[in-house]
Amino acid sequence: MLAVWEEFVRSGWSDEDDGYEEYVEGVVGRARDGDPEAFGDEEAWWARHFEEVELGVLVPEGA
């Protein structure tokens, strides 16, 4: 999970980039695959955190 998160925050992607939404879908998918149990509970910390990623609240600032 931390590797997926680190890759996301260091990616250099911006929510203004073409393909960003697809990129985020992939990031969230890898996170879910990495720990499906954490995403089974919508109130779990990682599930809530990556929900903010999906909603565009959290955007990488670049490396």
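The values are calculated or read from the model by the stated rules, or taken from the named source; none is laboratory data. Keep in mind that what you see is a predicted model, and the values were worked out from it rather than measured. With ideal geometry, Cβ positions are generated from the backbone for all residues, glycine too; neighbour counts draw on all protein chains shown. The area values use the complete protein model at the heavy-atom level, side chains included, leaving out ligands, DNA and RNA. Shrake-Rupley method; radii C 1.70, N 1.55, O 1.52, S 1.80 Å.
Karplus-derived 3J(HN,Hα) values for the stretch 9-14, using 6.51 cos²θ - 1.76 cosθ + 1.60 with θ = phi - 60°, are 6, 9, 5, x, 5, 10 Hz; glycine and proline are entered as x.
Over the chain, the ratio between the Cα radius of gyration and 2.2 N^0.38 Å evaluates to 1.05. Fully extending the segment from ASP15 to ASP33, taken as 0.36 nm per residue of separation minus the present Cα-Cα distance, adds 4.2 nm.
A Förster distance of 22 Å, applied to the separation of the beta-carbon atoms of ALA3 and GLU43, puts the FRET efficiency at 0.40. Percent of accessible area on the chain owned by carbon and sulfur, 1.4 Å probe? Carbon with sulfur: 44 percent of the solvent-accessible area.
Near LEU58, the amide H atoms lying under 5 Å from its own belong to VAL53; only residues 5 or more places off or on other chains count, and H is placed 1.01 Å from N. Highest mean first, the peptides 48-60, 13-25 sorted by other C-beta atoms within 10 Å per residue fall in the order 48-60, 13-25. Ordered by solvent-accessible area of protein heavy atoms (1.4 Å probe), largest first, the residues VAL9, VAL28, VAL4 come out as VAL9, VAL4, VAL28. Average accessible surface for the chain: 70 Å² per residue, computed with a 1.4 Å probe over protein heavy atoms with every protein chain in place.
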